[in-house]
Amino acid sequence: MQDETARAVTAMQLLVAAADGEISTPETTQITNMCTFSPVFHAVGPDRTMDLAGDVVKELKAKGATEVFARSAAALSPKLRETAICFAIRTALADGVLEETEKKMLNTMGESLGLAEETFFKIFDVMVMMQRAPGG
């Protein structure tokens, strides 16, 4: 259960990171940072978290985003769906540029996860506040 939950949250991060065609260094750094401080990942530990992320990348290449998303969404409770979208939004904002493909992916994820639009935009607004650059 803990493995599948951690895998599902990681998948949401990686899905949005890969939406623009590559997973950038700032995105990878942000994912690592979030996993380090999240109770979702404390339950499985850092080594297992890295293994799960590698498994998700392999599955993305082999099966595609739709299948990875479906498996991940099914593994998450409504509250953890909110957590996963927080992580996904923060990942998308990590490099300072929200690409159109990332924006579309986030919107699709929010809708597909059944998040109320108001909730999605509250989460988005807070993540933007968290990711402001110095002088912003």
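Here is a check on your reading of the model: is residue 134 of a type outside the set (Gly, Ala, Ser) and at pLDDT below 90?
yes
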Which residues, counting only those in region 55-75, are under 10 Å from residue 10 (Cβ atoms) and either over 14 Å from the mean Cα position of the chain (by Cα) or of a type in the set (Lys, Arg) (or both)?
55
Single match in 81, 71, 90 (criterion: buried (at least 18 other Cβ atoms within 10 Å of the Cβ) and in contact (Cβ under 8 Å) with a residue 60 or more places away in the chain):
90
Hits in region 105-136 - residues which are part of a loop (DSSP other than H, G, I, E, B), in contact (Cβ under 8 Å) with a residue 24 or more places away in the chain and farther than 25 Å from residue 65 by Cα
131, 133
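The values are calculated or read from the model by the stated rules, or taken from the named source; none is laboratory data. All figures in this text were calculated on a predicted structure; none of them were measured in a lab. Here the Cβ is made from the backbone with ideal geometry for all residues, glycine too, and neighbour counts use every protein chain on show.
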